[in-house]
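Participant: One structure follows; several queries about it will come next.
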């Protein structure tokens, strides 16, 4: 079965705070990069207008360029993250940068769905919780080592706090197994074939012979 990426079960990674609201997909990956760059190269262009200076060097004022956040695998983000156009390359770019989980109060709906298709876990939490998590990271970056337990649906922060989240069961299992929607459907190929054969007998007129 095809994989969308590495299966996601338990993620132990650095969490970085960047709670700018309304980060759209054009900011995540510029449109010209979508046409010019291969998927494997998208990460180098992720968030380039805020992450890099005009000469291409890292902007030291941007949070993802400062240790330990420059090794982030978890992004604590702001309201309406991933809004704007439907480009799937925005998720490719974040994944290429090393981000496998984004925690935010809300997401652009298409971006939210694209995350599950590409091995990235989007987690919705109340705005006050997200703000507190981001503030804690900024106050003490030494506590940025977090654990995301997808089967258990918990976040354990570097300060020892445990938070619960919810992911719809089908999407949760798709991430755990590294499957997209087509691959998840193909797991039931035998049941689909059985149904089709029975339906052919019930409604032969609906199944015209090819040719």
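The values are calculated or read from the model by the stated rules, or taken from the named source; none is laboratory data. This is a predicted model, so every value here is computed, not measured. We place every Cβ from the backbone using ideal geometry, glycine too, and count neighbours over all the protein chains shown.
Participant: Please list, ordered by residue number, the strands (runs of 3 or more DSSP E) wholly in segment 47-155 having 2 or more residues that are within 20 Å of residue 174 (Cα to Cα), touching a helix residue (DSSP H, G or I) at 6+ places or on another chain (Cβ under 8 Å) and at pLDDT 95 or above.
Facilitator: By residue number, 101-104, 121-124.
Participant: Sticking with this one: Only one of (1) touching a residue at least 24 places away in the same chain (Cβ under 8 Å); (2) farther than 15 Å from residue 29 by Cα; (3) exposed (fewer than 15 other Cβ atoms within 10 Å of the Cβ) is not met by residue 60, so which one is it?
Facilitator: (1)
Participant: On to the next question. Among the residues of segment 3-15, is any over 17 Å from residue 98 (Cα atoms) and either without any contact (Cβ under 8 Å) to a residue 60 or more places away in the chain or part of a loop (DSSP other than H, G, I, E, B) (or both)?
Facilitator: Checking segment 3-15: not a single residue is over 17 Å from residue 98 (Cα atoms) and either without any contact (Cβ under 8 Å) to a residue 60 or more places away in the chain or part of a loop (DSSP other than H, G, I, E, B) (or both).
Participant: Filter segment 91-133 down to the residues that are crowded, with 21+ Cβ neighbours inside 10 Å, over 8 Å from the mean Cα position of the chain (by Cα) and closer than 17 Å to residue 148 by Cα and list them by number.
Facilitator: 103, 104, 123, 130, 133
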